[in-house]
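Enquirer: One structure, as structure tokens, below. Some questions next.
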Amino acid sequence: MLQKADPLRAFTTLVMAVVLAVLIGWILVVGKSVLMPIFIAIISVYVLLTATAALARVPLIGLLPEWALRGVVLAIFVLVLLLLASVMVGTAEQVMARLPVYQKNLTDMLESISARFEIEEIPNLSTLIETLWGRINLQRIAAVGIGSVGSLAGVIFMAVIYSTFLMAERGGFARKIAAVLPQERASQTHMMVRDINRNIGEYLTVKTLVNVILGVMSFTVLKLFGVDFALFWAVLIGLLNYIPYVGSLLGVVFPVLLTLAQFGSIQTTVVVAILLTGAQMWVGNSLEPRMIGRRINMSPFVVLVSLALWSSLWGIPGAILAIPLTSMFAIILANFEGTRPIALLLAEDVQAVLQNGEEK
């Protein structure tokens, strides 16, 4: 009798899991404007708490109370966000001023190529731009651009507010769990939260350090060749490196295209591209594996699927948050007997998941 009931129970569980997944996806899409700042704040708090723990180990500074250390880290976090915002706004104004120079450089390069290869009829860049310019609705583009900037500013502002309250209330979270849940459930929840804090916190902190190193290397290369807006491109390269696989490619493409427009020289562009790609390869193939290791236990295929899923839901912010969010869900699934098989399918090291399950 039990053998007949098992397939029915498995099928019912599968159906409920699919329905739950669809419901969660619908909530993520509909509640994007509300949920995105919350998730960004949660991810930010992991980095801030790890930075607070590191600051506590510094001589003299470590003598400060914990609330003061958190305040210092939070103030630095807000200051960094303000500096990044000022860099982006300033860069946008400078790009508009430099556009005529870039147009002239590209036109001269095309004319040089046509003369070298004796091409009589090559498309005139100025004519093409003038033709396309008349078809562009500047008001609509300006409205979309202002709306996007305003939306991004709103998300960042709310994320900072949420981060502040999460940092302040973190100490009472354990007491709330103990008061709401039975002793056994509370203990399991504490262990789950501990695993999430350890894995995500270490991953994000080390990944951030790796991205800072990559940004410094890229800034050095760009500054050495006199590429315009070197600081902006270095920051963008560091941010895009949070996105697995695709981010490193995009991080190189954008400044390389600008180099071509700025200098109008294929040779210079190729050298800059080689140096930036070399920095990306060294960081991705040597530095990052040594520093990060297997802190995030997900197979490469799952990483790609999560990247596609979260980017389709939330765009570039979703792509940046894809790995931490998916890892959180995987840890939560691994802590319950009924959903542990799903966690096994997501994992790269199956034995690690089984071992953690046995310990619990």
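The values are calculated or read from the model by the stated rules, or taken from the named source; none is laboratory data. Everything numeric here is computed off the predicted structure, so don't read it as measured data. Cβ coordinates were reconstructed from backbone atoms using ideal geometry, including for glycine residues, and neighbour counts include every protein chain displayed. Areas reflect the complete protein model, heavy atoms only, side chains present, ligands, DNA and RNA absent. Shrake-Rupley method; radii C 1.70, N 1.55, O 1.52, S 1.80 Å.
Enquirer: If you take the residues in region 197-206 that are among the polar types (S, T, N, Q) and either over 16 Å from residue 287 (Cβ atoms) or without any contact (Cβ under 8 Å) to a residue 12 or more places away in the chain (or both), which one is surrounded by the most Cβ atoms within 10 Å (Cβ to Cβ)? Can you show your working first?
Expert: Within region 197-206, the subset among the polar types (S, T, N, Q) is 197, 199, 205.
Then keep just the ones that are either over 16 Å from residue 287 (Cβ atoms) or without any contact (Cβ under 8 Å) to a residue 12 or more places away in the chain (or both); that gives 197, 199.
Values: 197: 16, 199: 20.
My answer is 199.
Enquirer: Considering only region 240-299, how many residues are of a type outside the set (Phe, Trp, Tyr) and not in a helix (DSSP H, G or I)?
Expert: 12
Enquirer: Can you run down the residue pairs with Cβ atoms below 6 Å, 6 or more apart or on separate chains, where the first is in region 233-248 and without any contact (Cβ under 8 Å) to a residue 60 or more places away in the chain and within 11 Å of residue 222 (Cβ to Cβ) and the partner is among the aliphatic types (A, V, I, L, M) and assigned to a helix (DSSP H, G or I)?
Expert: These pairs meet every condition: 233/222.
Enquirer: Something else: Filter region 151-196 for residues that are among the polar types (S, T, N, Q) and modelled with pLDDT of 75 or more; which is most open to solvent (accessible area, probe 1.4 Å)?
Expert: Top of the filtered list is 164.
Enquirer: So which residues in region 57-86 are under 29 Å from the mean Cα position of the chain (by Cα), more than 30 Å from residue 230 (Cα to Cα) and open to solvent by less than 90 Å² (accessible area, probe 1.4 Å), if there are any at all?
Expert: Passing the criteria: 58, 68, 69, 70, 71.
Enquirer: Here's another thing I want to ask about it. Looking at (1) under 30 Å from residue 94 (Cβ atoms); (2) touching a residue at least 60 places away in the same chain (Cβ under 8 Å), which is the one condition that is false for residue 324?
Expert: It is condition (1) that residue 324 fails.
Enquirer: Within region 209-230, track down each residue that is open to solvent by 40 Å² or more (accessible area, probe 1.4 Å) and either part of a helix (DSSP H, G or I) or within 16 Å of residue 286 (Cα to Cα) (or both).
Expert: 209, 212, 213, 216, 217, 219, 220, 223, 224
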